[in-house]
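Nothing in this text is a laboratory measurement; each read-out follows from the coordinates by a stated rule. Predicted, not measured: the structure shown is a model, and the values here were computed from it. All Cβ positions, even for glycine, are placed from backbone atoms using ideal geometry, and neighbour counts span all protein chains on display.
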Amino acid sequence: MIRLEGIHKIYRMGTEAVHALQDVNLHIGANEFVAIVGPSGSGKSTMMNILGCLDSPTRGEYTLAGEEVSRLGEDQLADVRNRRIGFIFQSFNLLPKLTALQNVELPMIYAGVPPATRRQRAIQALRDVGLMERANHHPNEMSGGQRQRVAIARALVNNPSILLADEPTGNLDSKTGDEIMAAFHRLHRDGKTIVLVTHEPEIAQQALRIVAFRDGRIVDDRKNGVAS
Ligand code: ADP
Ligand code: ADP
């Protein structure tokens with residue numbers, strides 16, 4: 001599903017060059033459930049930006065679902081992103097003036113899905129995350145866990161095969177964080193490929209594979225047997 005070969009990312013700032021990623025090689029198969037860990041500044045965000053086709057590597061090859069994407073331009077990257085990837089963020093990134101249902105409908109508006117289908121799919125997505133009864137509520141009327149479930153519904157609504165989550169439990173207490181991880185486990189069982197970044201060891205322990213970064217390199221990559 002995801003194949004990175006010899007990935008380098010260099011940020012140039014005046015005369016200085018920051019080597020954010022150095023010779024990263026990583027294969028993630030369909031239906032894997034991976035946690036990316038590492039200290040601040042180790043390259044996790046840079047890695048997620050590349051995986052999510054938000055940014056391109058300076059060097060190396062990125063093949064996503066059989067398609068070489070490392071050298072695509074902005075518009076083509078946006079197209080790959082919309083077709084393949086759902087994003088989930090630490091801060092939920094919901095629009096405060098829209099209801100839960102309208103937030104979930106948004107990606108389908110960008111994708112040109114007709115209104116009636118949009119409504120139907122948004123309702124189903126909210127049902128999938130157990131939030132139908134909150135459809136007409138605004139984000140500020142919901143708990144953090146509920147907001148994150150709305151964000152998960154939004155990420156799923158164009159049926160991406162890959163979910164990328166950046167610190168998805170970072171703003172949640174541990175019980176709510178575990179509920180969000182349970183939601184990821186259900187999606188994993190339904191066949192999604194899941195990659196999440198986390199600082200929290202107890203969250204990483206719930207993934208099936210843990211990839212550790214340090215100074216822009218992968219320093220550990222292991223299967224994790226403890227998953228529920
Ligand atoms: P965290 O450690 O919480 O993941 P980051 O170090 O990733 O935070 O920084 C957050 C944002 O700032 C990211 O979008 C990242 O690309 C950007 N960023 C980080 N370091 C720099 C820098 N030296 N110059 C410019 N932008 C940076
Ligand atoms: P992490 O997410 O693990 O905290 P990042 O990927 O944000 O790490 O950062 C890796 C390195 O790249 C850090 O040294 C950071 O300061 C640098 N960096 C990240 N984004 C930028 C940017 N936009 N411009 C310059 N340097 C950056």
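A few remarks follow.
- Peptide packing: for 132-140, 33-41, the average count of neighbouring Cβ atoms within 10 Å per residue gives the ranking 33-41, 132-140, highest mean first.
- Cα point-scatterer Debye curve for the range 10-75, base-10 log of I(q)/I(0) at q = 0.15 Å⁻¹: -0.54
- Hull volume in cubic angstrom per residue (convex hull over the Cα atoms of the range 1-113): 153 Å³
- Square roots of five times the Cα gyration tensor eigenvalues for the range 136-228, Å: 24, 15, 13
- The sum of -39500 (n - 2.57) across all DSSP H runs of n ≥ 4, divided by the residue count of the chain, sets its helix-only mean residue ellipticity at 222 nm to -10000 deg cm²/dmol.
- Fraction of antiparallel bridges per DSSP, the chain only, in percent to nearest 5: 55 percent
- Centre-to-centre, using Cα atoms only, the range 6-56 and the range 67-135 are separated by 24 Å.
- In a fully extended conformation the segment linking ALA65 and ARG189 would gain 42.7 nm over its present Cα-Cα distance, using 0.36 nm per residue.
- Taking a quarter of the surface of the Cα convex hull of the chain gives a mean projected area of 12.8 nm².
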